[in-house]
Amino acid sequence: MAKNLNKKRENYLNWDEYFMATAFLAAKRSKDPCSQVGACIVNNENVIVGIGYNGMPKGCHDDDFPWEKENENPLDNKYYYVCHAELNAILNKNCADVKGCRIYVGLFPCNECGKVIIQSGIKEVIYMSDKHSHKPHTIASKLMMDSAGK
Ligand SMILES: O=c1[nH]c(=O)n([C@H]2C[C@H](O)[C@@H](COP(=O)(O)O)O2)cc1CO
Ligand SMILES: [Zn+2]
């Protein structure tokens, strides 16, 4: 059979698939044993301008801070310490600001990330999982995003 190499491939990733896959690749860097989240920020020319995943702050060693979640003492759980993927992606931006960009994220952003996303000027959130949709932090995040027109 002859094959025309001048013809373009048909089964390539579309932009949404490509950026979400990039977010999932970033998530593989996470040390969180329970939930690995990745985020990818893209400008209106479809150029990636920021990537992040959930992890401990710089200088706070992964082995020195807890990854547990159910200890009685909250200081022994990860939640006070870990930086969320969306926050890291915004802080890691390689441009002056992320106004008008969109963010691809594996999990619907919590209320704290929702605030940062709104304040940064990101205009659209594209997410994969909404497994915490019933939780107050997600409901609060959606209330703010709806109000802010995200
Ligand atoms: O939007 C998010 N972005 C994000 O990076 N995370 C991270 C923080 C934690 O490391 C982990 C949540 O932990 P867990 O699912 O065990 O409660 O996911 C969690 C959320 C949503 O809660
Ligand atoms: Zn968050």
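The values are calculated or read from the model by the stated rules, or taken from the named source; none is laboratory data. Everything numeric in this text was worked out from a predicted model, so none of it was measured. Using ideal geometry, Cβ is built from the backbone for each residue, glycine included, and neighbour counts are taken over all protein chains shown. These accessible areas exclude ligands, DNA and RNA; they are computed on the full protein's heavy atoms, side chains included. Shrake-Rupley method; radii C 1.70, N 1.55, O 1.52, S 1.80 Å.
Brief remarks follow.
- Between 0 and 90°, nearest 10: helix 136-148 axis offset from the chain longest Cα axis: 50 degrees
- The C-alpha atoms of the chain define a longest principal axis, and helix 15-27 lies at about 40 degrees to it.
- The C-alpha atoms of the chain define a longest principal axis, and helix 111-120 lies at about 50 degrees to it.
- Loop-located trypsin sites (Lys or Arg not before Pro) across the stretch 95-141 with a Cβ neighbour count of 13 or fewer within 10 Å are Lys99, Lys131, with loop assigned by DSSP.
- Once the 1.4 Å probe is applied to the protein heavy atoms, the chain comes out at 64 Å² accessible per residue.
- Remark: accessible surface ordering of Tyr127, Tyr80 (largest first) is Tyr80, Tyr127, probe radius 1.4 Å.
- In the chain, a dipole from Cβ-located charges (positive for Lys and Arg, negative for Asp and Glu) runs towards its positive end, and of Asn92, His61, Thr138 it is Asn92 whose Cα lies farthest in that direction.
- Enclosed volume per residue, in Å³, of the convex hull spanned by Cα atoms of the chain: 163 Å³
- Accessible surface of the chain, 1.4 Å probe, proportion on carbon and sulfur as whole %: 53 percent
- GluC sites (Glu not before Pro) restricted to DSSP loop in the stretch 1-77 with at most 13 other C-beta within 10 Å: Glu10, Glu45, Glu68, Glu70, Glu72
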